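I have placed the structure first, in the form of structure tokens, so that the comments after it can refer back to it.
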Amino acid sequence: MHSLYEIFKRNGYTRRDFLRYVALLVSAVGFPPSFLPNAVKALESKPKPVVIWLEFQDCAGCSESFIRSTSLLPADVLLDYLSLEYHETLMAPSGLQAEEAKREAIERYKGEYILIVEGSVSPKYKGVYCTIGGKSNEEILKEASKHARLIIAVGSCACWGGIPHAEPNPTGAMPISEILKDKKVVHIPGCPPIGDVMVATIVGFVMTGREPALDNLGRPKTFYGQTIHDRCYRRPFYNAGKFASSFEDEGAKKGYCLYKLGCKGPITRNACATVRWNGGLSFPIQSGHPCFGCSEPDFWDRSFLYSPLSVVEGGFGWKKVLAGIAVGSALGLGSAYINKKLRGVK
């Protein structure tokens, strides 16, 4: 199989172009400049990575984000660089041919391939909510992960259960790590994750032969080591106490901090404010919308999306809301009963 350098040459790029992109990759992954010669050597000689990509309970948004990553690798190089042996959305075969291609890839590249999983797993009722080719999603996951060299969960659904896991979670959706308890899983959360972060993690593995340094939630520290608030360009307005109070007021027009509109940037670890989206063009806060905190566990249930953290810190979620209603009702009934007794009402 071809190396990254050979693919660059085949697509008409010069060696200077290749070196420039390798330098970008080294910087993105967080390696020091001194690592550049090693990276060049690795990407000149190592064959392109073999990838098996599974999709379960998802919207395919992570795949969409991945194929639109253009900052680190050119669009005409990205998919050519990966030996994408199985991806239901992107592959040409379907049905029995697709499933046979996956089986052959697992056998041929045993112990070498990268397994990428998008979407949450639903083992409830023997996987009836997510069955592909007559097999439950849990069975497919265990089969594909058994001989994988690296397992990556992309997107908050695969990492934490995501929106399918939101209360009341009717399908029993769960993250893949709860199924693969004996495996190490690299988490790249987000709804969806930044495409360049996914690309950099894969290429970083090819360069070094090992998974990246991870935080306590299994996320690459390079991209999830700081909160969005730490690097947000609106941080000076936060420090100065200048906030937008609505999406239409003067504060919003002047680019003030979006904290009062529910921004979860202070508790969300991601690279949105630095790597950004769509080739580094923008990110939600830059477009005038508060951060939802989509890369954090249970972001959908944490609070009402447009309520500031000072109001909802610790999260409400529907169970807490219903519990609050129940407690309030009990207190109200109790108070009414006591008042009646005090007034002598039977």
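The values are calculated or read from the model by the stated rules, or taken from the named source; none is laboratory data. None of the values given here were measured: they were computed from a predicted structure. Here the Cβ positions follow ideal geometry from the backbone for every residue, glycine too, while neighbour counts run over all protein chains shown.
Only residues that are out of contact with any Ser or Thr (no Cβ under 9 Å at 6 or more places or on another chain) and of a type in the set (S, T, N, Q): list them for region 7-40, please.
ASN11, THR14, SER27, SER34 - these are the residues of region 7-40 that are out of contact with any Ser or Thr (no Cβ under 9 Å at 6 or more places or on another chain) and of a type in the set (S, T, N, Q).
Starting from region 236-261, take each residue that is farther than 15 Å from GLN286 by Cβ and in the same structural domain as SER310 (by TED's automatic domain parsing) and list its partners that are polar (S, T, N, Q) and assigned to a helix (DSSP H, G or I), counting only C-beta distances under 7 angstrom and pairs at least six apart or across chains.
So the pair list comes out empty.
Checking the structure you have, find out if any residue of region 57-73 is outside any loop (DSSP other than H, G, I, E, B), touching a Cys at 6+ places or on another chain (Cβ under 6 Å) and surrounded by 15 or more Cβ atoms within 10 Å (Cβ to Cβ).
So in region 57-73, the residues outside any loop (DSSP other than H, G, I, E, B) come out as 57, 61-67.
Right, trim to touching a Cys at 6+ places or on another chain (Cβ under 6 Å) and you get 57.
Going one step further and asking which of them are surrounded by 15 or more Cβ atoms within 10 Å (Cβ to Cβ), we end up with 57.
Among the residues of region 57-73, at least one is outside any loop (DSSP other than H, G, I, E, B), touching a Cys at 6+ places or on another chain (Cβ under 6 Å) and surrounded by 15 or more Cβ atoms within 10 Å (Cβ to Cβ), which makes the answer yes.
Tell me which residues, restricted to region 284-311, are free of Cβ contacts under 8 Å to residues at least 24 places away in the same chain and either in the same structural domain as GLU64 (by TED's automatic domain parsing) or of a type outside the set (Gly, Ala, Ser) (or both).
The answer is PRO284, VAL311.
Taking the conditions exactly as written (surrounded by 13 or more Cβ atoms within 10 Å (Cβ to Cβ) and in contact (Cβ under 8 Å) with a residue 60 or more places away in the chain), does TYR129 satisfy them or not? Can you show your working first?
Details: surrounded by 13 or more Cβ atoms within 10 Å (Cβ to Cβ): yes; in contact (Cβ under 8 Å) with a residue 60 or more places away in the chain: yes.
For TYR129, the condition - surrounded by 13 or more Cβ atoms within 10 Å (Cβ to Cβ) and in contact (Cβ under 8 Å) with a residue 60 or more places away in the chain - is met.
Pick out the one residue from LEU25, LEU54, LEU96 that is at pLDDT 90 or above, surrounded by 14 or more Cβ atoms within 10 Å (Cβ to Cβ) and over 18 Å from the mean Cα position of the chain (by Cα).
After ruling out the rest, the residue left standing is LEU25.
Any residue in region 180-206 that's closer than 16 Å to SER295 by Cα: show its pairings with residues that are assigned to a loop (DSSP other than H, G, I, E, B) and of a type in the set (Ser, Thr, Tyr) at Cβ separation under 7 Å, as long as the two are six or more apart or on different chains.
Listed by first residue and then by second, the contacts come to PRO189/SER295; GLY190/SER295; GLY195/SER69; ASP196/SER69; ASP196/SER71; MET198/SER69.
To keep it simple, each residue is scored yes or no on (1) modelled with pLDDT of 95 or more; (2) out of contact with any Leu (no Cβ under 6 Å at 6 or more places or on another chain); (3) on the phi > 0 side of the Ramachandran plot.
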| residue | (1), (2), (3) |
| --- | --- |
| TYR81 | no, no, no |
| LEU84 | no, yes, no |
| MET91 | no, yes, no |
| LYS126 | no, yes, yes |
| GLU138 | yes, yes, no |
| LEU141 | yes, yes, no |
| VAL154 | yes, yes, no |
| ASN169 | yes, yes, yes |
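Hydrophobic (A, V, I, L, M, F, W, C) and surrounded by 22 or more Cβ atoms within 10 Å (Cβ to Cβ), is that true of LEU36?
Against the criterion (hydrophobic (A, V, I, L, M, F, W, C) and surrounded by 22 or more Cβ atoms within 10 Å (Cβ to Cβ)), LEU36 does not qualify.
Confirm whether ILE116 is within 27 Å of ARG276 (Cβ to Cβ), at pLDDT 95 or above and among the hydrophobic types (A, V, I, L, M, F, W, C).
In short, yes.
Considering each of PHE31, PHE18 in turn, give the residue that is of a type outside the set (Asp, Glu), assigned to a loop (DSSP other than H, G, I, E, B) and surrounded by 16 or more Cβ atoms within 10 Å (Cβ to Cβ). Before the answer, list the steps.
Details: PHE18 fails: assigned to a loop (DSSP other than H, G, I, E, B).
Exactly one of PHE31, PHE18 is of a type outside the set (Asp, Glu), assigned to a loop (DSSP other than H, G, I, E, B) and surrounded by 16 or more Cβ atoms within 10 Å (Cβ to Cβ), namely PHE31.
Does LEU78 count as surrounded by 17 or more Cβ atoms within 10 Å (Cβ to Cβ) and part of a strand (DSSP E or B)? If you could, list the steps in order and put the result at the bottom.
Details: surrounded by 17 or more Cβ atoms within 10 Å (Cβ to Cβ): yes; part of a strand (DSSP E or B): no.
No: the conditions fail for LEU78.
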